[in-house]
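Have a look at the structure below, then the notes.
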Amino acid sequence: MSLDPATVRRIARLARIGIDESDVPALQGELNGILGWVEQLNEVDVEGVTPMVGTGHAALRTRPDVVTDGNCRDAVLSNAPDGVGPFYTVPKVVE
Amino acid sequence: MSLTELTIADAASGLRARKFSAVELVRAHTDAIAALNPRLNAYITTTADGALKAAQQADEVLAKGEARSLTGIPLGIKDLFCTNGVRTTAASNILKNFVPPYESTVTANLLRDGAVFVGKTNLDEFAMGSANITSAFGPVENPWKRNGDDAALVPGGSSGGSAAAVAAGLAMGATGTDTGGSIRQPAAYCGIVGLKPTYGRCSRFGTIAYASSLDQAGPMARSVRDCAIMLQSMAGFDERDSTSVNCDVPDYSAAIGRSLKGLKVGIPAEYRAEGLSAEIETAWQQGIEWLRAAGCEIVDVSLPHTKYGLATYYIVAPAECSSNLARYDGLRFGERVPGETLDAMYEATRRAGFGPEVRRRIMMGTYVLSAGYYDAYYLKAQKVRTLIRRDFTEAFQKVDVLLTPTAPTPAFAQGEQSDDPVQMYLNDIFTVPASMAGMPAMSVPVGLGATGLPLGLQLIGRPFDEETLLATGSALEQAAGFTHRPAIRAEAAK
């Protein structure tokens, strides 16, 4: 599997990372280098093997869907890049 | 002995015996930071004023005879742990102004036990790296020097600032996080002890996420006993981390010096890999002899999927990172860069906020999770991960602990390794498999190589059996008598 420049641009778009056209050749080389190297996994027979999600030391716990540390609105908003009163502000996206 | 050369265990007894005060102890460290940090860059943020206030309170607690295990002990905190009211950057521009309004569970536990935080230590950006050269706040210099050579060496990564701070006497101990070797490899490069606990042993709540199924917090210190003392405080069940495991935390210090008679130590054949330097091979052989002399039975074992650990890691970790780092969008937090459209704003924000290694891993992860490639890469890697864990499970039916090298070479110089990402990834070849399997593992310094740099050996244990690591590690430590200290350190700078 080898990535072409169009695929590099598409991945960057999916990842929402802006790239310049001049970045594409270097990224293409690096990503292809890594992907070529991980191809070694094709040597491994994984027929019938269950995929490992997490490390399996404990079953995932659930808890009631309730607020456990409420009344901290100001703390939640304290790192917002831009805010007005008790709100996040975002750029206008609908004309 | 200088206050910056003491172990945590000795400092805690010295404080109780009133040989020195917590203020004196903490001030010795904050002065050392002021003198050496401009060169070593081990700390991103220093907190001398807060630390001295906390030290005064510690002295009051000591005067009342109410000291806890870490009362008055100056620690460095990897800048990946959220600390209430103290800037937490993950060594990234995107979080350079982030001040958490809450405390991570691990740091809250250390504060509960009286620890004094002297600053936030440098790391690879979002913990992605093996040399501490990807930090947005600049590289960390390893306090060790090669014989007769002043070249600046890397401290390893990602917990390179923590390792350098502890080695140089700028903290008595420090927290690290380990995703694929980020505690053990820098511990080996800097001649200190570092322990990655079993996945689920220490809470991940409030630790900035890189790859959630792998990330685990652990202690870094100058002795095995000090790691036991720190782990005692850091470990424990936490409801706020859904992967935290609810099982009893044993008395870790009790494991130090425990008899090893009859303990079965496995030597995995596959760790005699290409690229293993001759001096590390020799140190490994020496370690085997020391453990044999301590009464252990040495058993050859095989972990056949070892060679696939790294490739599996570089699919699984980027996949999880691309998902975890999606939250840095410039809307809720992160430094916002304006754009004409919403997508343009996201793209500009994330381009400006993330360095090249982080961007590369996010893109790798996005690709392996994307439609059409998920099965070929991500699902395949998850299956190989099962086989890697199975190797360990089978080995631990025959042996109690495994002994391997920690890293294939000693510390290298800044800029000495090629720009090829795959070459850089190979530094973690011996640490990644235990991470993939979630097993606890520890690095212990055992000697100096031909160029005068520290060499570490790795112990890997059964899940939740950190005690065997500590017992075996203390035997190695005692046999090695590792009392070497780096050229650049607080005591030498006076």
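May I ask you to evaluate 6.51 cos²θ - 1.76 cosθ + 1.60, the Karplus curve with θ = phi - 60°, for each residue of the stretch B:393-407 and list the ³J(HN,Hα) values in order in whole Hz, giving x for glycine and proline?
4, 5, 5, 6, 7, 9, 10, 9, 7, 10, 10, 9, x, 7, 9
Return the average number of partner chain Cβ atoms within 10 angstrom of each residue Cβ along peptide B:327-335.
Values: counts 0, 1, 3, 5, 7, 8, 6, 3, 1.
Going residue by residue through B:327-335 and averaging, the value is 4.
Can you tell me what share of the DSSP beta bridges in chain B is antiparallel? A percent to the nearest 5 is fine. Don't jump to the answer; show the numbers that get you there.
Values: 30 of 44 bridges.
Counting DSSP beta bridges with both partners in chain B, the antiparallel share is about 70 percent.
By what distance, in whole Å, do the Cα atoms of chain B stretch along each of the three principal axes, largest value first?
The principal-axis extents, from largest down, are 64, 53, 50 Å.
Please calculate how many Å² of accessible area chain A carries per residue, with a 1.4 Å probe and no DNA, RNA or ligand atoms counted.
Roughly 66 Å² per residue, with all protein chains present.
For the stretch B:366-494, what is the accessible area per residue in Å² when the probe is 1.4 Å?
Numbers: 4210 Å² over 129 residues.
Per-residue accessible area for the stretch B:366-494 comes out at 33 Å².
If you take every DSSP beta bridge whose two residues both sit in the protein assembly as shown, what share of them, in percent to the nearest 5, is antiparallel? Write down the numbers at each step before the final one.
Numbers: 32 of 46 bridges.
Taking every DSSP beta bridge with both residues in the protein assembly as shown, the antiparallel ones total about 70 percent.
Can you list the residues in the stretch A:1-26 whose accessible area drops by at least 40 Å² when all protein chains are present, compared with the chain alone? Use a 1.4 Å probe, heavy atoms only.
A:Met1, A:Ile11, A:Arg13, A:Ala15, A:Arg16, A:Ile17, A:Gly18
Hey, can you grab everything whose amide H is under 5 Å from the amide H of B:Leu263? Only 5+ residues off in sequence or another chain; H modelled, so Pro and N-termini drop out.
It is B:Glu297, by chain and number.
Report, to the nearest whole %, how much of the accessible area of the stretch B:1-89 belongs to carbon and sulfur atoms, 1.4 Å probe, protein only.
48 percent
Can you list the equivalent-ellipsoid semi-axes of the stretch B:316-471, largest first and in whole Å, using the square root of 5 times each Cα gyration tensor eigenvalue?
On the way: eigenvalues 259, 99, 43 Å².
Output for the stretch B:316-471: semi-axes of 36, 22, 15 Å.
Would you please give the residues with an amide H less than 5 Å from that of A:Gly83, counting only those at least 5 places away or on a separate chain, with H modeled from the backbone geometry?
Answer set, sorted by chain and number: A:Thr89.
Among B:Thr71, B:Thr47, B:Ser92, pick out the residue whose Cα is farthest towards the positive end of the charge dipole of the stretch B:21-105, where Lys and Arg carry +1 and Asp and Glu carry -1 on C-beta, about the Cα centre.
B:Ser92
Which order, highest average first, do B:427-433, B:163-169, B:392-398 follow once you tally other Cβ atoms within 10 Å for each residue and take the mean per peptide?
Values: B:427-433: 28.6, B:163-169: 33.1, B:392-398: 15.6.
Ranking, from highest mean packing down: B:163-169, B:427-433, B:392-398.
Ranked by accessible surface with a 1.4 Å probe, highest first, in what order do B:Val401, A:Val93, A:Val46 come?
Values: B:Val401 0, A:Val93 85, A:Val46 20 Å².
Highest to lowest solvent-accessible surface, that is A:Val93, A:Val46, B:Val401.
How crowded by other chains is B:57-66, given as the mean number of beta carbons from other chains within 10 Å of each beta carbon? Working shown, then result.
Details: counts 0, 0, 0, 0, 0, 0, 0, 0, 0, 0.
For peptide B:57-66, the averaged partner shielding equals 0.
Compute, for chain B, the length of the dipole vector about the Cα centre, with Cβ point charges of +1 (Lys, Arg) and -1 (Asp, Glu) only. Units Debye, rounded to 20.
Details: 46 positive and 51 negative charges, 88 e Å.
About 420 debye.
Show that you can apply the helix-only estimate: for the protein assembly as shown, add -39,500 (n - 2.57) for every DSSP H stretch of four or more residues, divide by all residues, and state [θ] at 222 nm to the nearest 500. Present the calculation step by step, with values, prior to reporting the outcome.
Values: 19 runs with 213 residues, N = 589.
The per-residue figure over the protein assembly as shown is -11000 deg cm²/dmol.
Quick one: accessible surface of A:His57, probe radius 1.4 Å, all protein chains present, in square angstrom to the nearest 10.
That residue has around 50 Å² of solvent-accessible surface.
Evaluate 2.2 N^0.38 Å with N set to the residue count of chain A, then give the Cα radius of gyration divided by it.
Expressed relative to 2.2 N^0.38 Å, the Cα Rg reads 1.80.
Relative contact order of chain A, please, whole-number percent, based on alpha carbon pairs below 8 angstrom and at least 6 residues apart.
Values: 30 pairs, mean separation 17.4, N = 95.
Result for chain A is 18 percent.
Can you quote the Å³ per residue value for the convex hull of the Cα atoms in the stretch B:110-250, rounded to an integer? Walk me through the numbers on the way to the answer.
Details: hull volume 14.6 nm³, N = 141.
In the stretch B:110-250, the Cα convex hull volume per residue is 104 Å³.
For B:Thr121, enumerate residues with amide H under 5 Å from its amide H, sequence gap 5+ or separate chain, H modeled in the peptide plane.
B:Ile44, B:Ile77, B:Lys78, B:Asp79
Rounded to the nearest angstrom and ordered from largest down, what semi-axes does the equivalent ellipsoid of the stretch B:8-258 get from its C-alpha gyration tensor (root of 5λ)? Before the final figure, lay out each step's value.
Working: eigenvalues 118, 96, 65 Å².
With the √(5λ) rule applied to the stretch B:8-258, the semi-axes are 24, 22, 18 Å.
Hey, any idea what the orientation-averaged projected area of the convex hull of the stretch B:80-176's Cα atoms comes to, in nm²? Walk me through the numbers on the way to the answer.
On the way: hull surface 25.5 nm².
That works out to 6.4 nm².
Relative contact order for the stretch B:430-488 using alpha-carbon pairs under 8 Å, separation at least 6, rounded to a whole percent? If you can, show how the numbers build up before the last one.
Numbers: 66 pairs, mean separation 19.0, N = 59.
The normalised contact order for the stretch B:430-488 reaches 32 percent.
Hey, what do the phi angles of the stretch B:153-161 turn into as Karplus ³J(HN,Hα) couplings, whole Hz, using 6.51/-1.76/1.60 and θ = phi - 60°, x for Gly and Pro?
Along the stretch B:153-161, the couplings run 9, 7, x, x, x, 8, 7, x, x Hz.
Taking each residue of B:303-310 in turn, how many C-beta atoms of other protein chains fall within 10 Å of its C-beta, and what is the average? Could you put the intermediate results ahead of the total?
Numbers: counts 0, 1, 1, 0, 3, 5, 0, 3.
For peptide B:303-310, the averaged partner shielding equals 2.
Taking the Cα centre of the stretch B:8-258 as the origin and placing charges on Cβ (Lys, Arg +1; Asp, Glu -1), which of B:Phe237, B:Ala28, B:Gly160 is farthest toward the positive end of the dipole?
Toward the positive end, the furthest listed residue is B:Ala28.
Ranked from highest to lowest mean number of other Cβ atoms within 10 Å per residue, what is the order of the peptides B:129-141, B:215-227?
Working: B:129-141: 24.4, B:215-227: 27.6.
The densest-packed peptide leads the list: B:215-227, B:129-141.
Going highest first, how would you order B:115-121, B:314-320, A:77-83 by mean Cβ packing within 10 Å? Before the final figure, lay out each step's value.
Values: B:115-121: 28.6, B:314-320: 25.1, A:77-83: 15.3.
Taking the mean over residues of other Cβ atoms within 10 Å, the ranking is B:115-121, B:314-320, A:77-83.
Give me the Kirkwood hydrodynamic radius of the protein assembly as shown, using the inverse of the mean 1/r over all pairs of distinct Cα atoms, in Å to one decimal. Don't skip to the answer; put the middle values down first.
Values: mean 1/r = 0.0415 Å⁻¹.
One decimal place: 24.1 Å for the Kirkwood radius.
So how much accessible surface do B and A hide from each other in total, probe 1.4 Å, in square angstrom to the nearest 100?
Values: alone 18340 and 9030 Å², together 22160 Å².
What B and A bury together is about 5200 Å².
Which Cα, out of B:Leu470, B:Thr134, A:Gly29, lies furthest along the positive dipole direction of the protein assembly as shown (beta carbon charges, K/R +1, D/E -1)?
Among B:Leu470, B:Thr134, A:Gly29, the one farthest towards the positive end of the dipole of the protein assembly as shown is B:Leu470.
If the only charges are +1 at each Lys and Arg Cβ and -1 at each Asp and Glu Cβ, what is the size of the charge dipole of the stretch B:8-258 around the Cα centre, to the nearest 20 debye? Present the calculation step by step, with values, prior to reporting the outcome.
Numbers: 23 positive and 23 negative charges, 60 e Å.
Taking the Cα centre of the stretch B:8-258 as origin, the dipole is about 280 debye.
Rounded to the nearest 20 Debye, what is the dipole magnitude of the stretch B:187-309 about its Cα centre when Lys and Arg each give +1 and Asp and Glu each give -1 at the C-beta?
Dipole size: approximately 180 debye.
Could you give each residue of the stretch B:298-315 its phi-based ³J(HN,Hα) in whole Hz, using Karplus coefficients 6.51, -1.76, 1.60 with θ = phi - 60°, and x for Gly or Pro?
Taking θ as phi minus 60°, the curve returns 8, 10, 6, 10, 10, 10, x, 8, 3, 5, 8, x, 5, 5, 5, 4, 7, 9 Hz for the stretch B:298-315.
Helix A:5-14 versus the longest principal axis of chain A: what is the Cα-based angle in degrees, 0 to 90, to the nearest 10?
20 degrees
Which percent of Cα pairs goes in each bin when the distances of the stretch B:351-429 are cut into 10 angstrom slices starting at zero?
P(r) for the stretch B:351-429, in whole percents per bin: 13, 27, 34, 23, 3, 0.
Going by Cα centres, the stretch B:39-100 and the stretch A:1-60 are how many Å apart?
A separation of 38 Å, based on Cα centres.
The values are calculated or read from the model by the stated rules, or taken from the named source; none is laboratory data. All values reported here derive from a predicted model rather than from experimental measurement. Every residue, glycine as well, gets a Cβ built from its backbone with ideal geometry; the counts of neighbours run over all protein chains shown. With ligands, DNA and RNA removed, areas are computed over all heavy atoms of the protein, side chains included. Shrake-Rupley method; radii C 1.70, N 1.55, O 1.52, S 1.80 Å.
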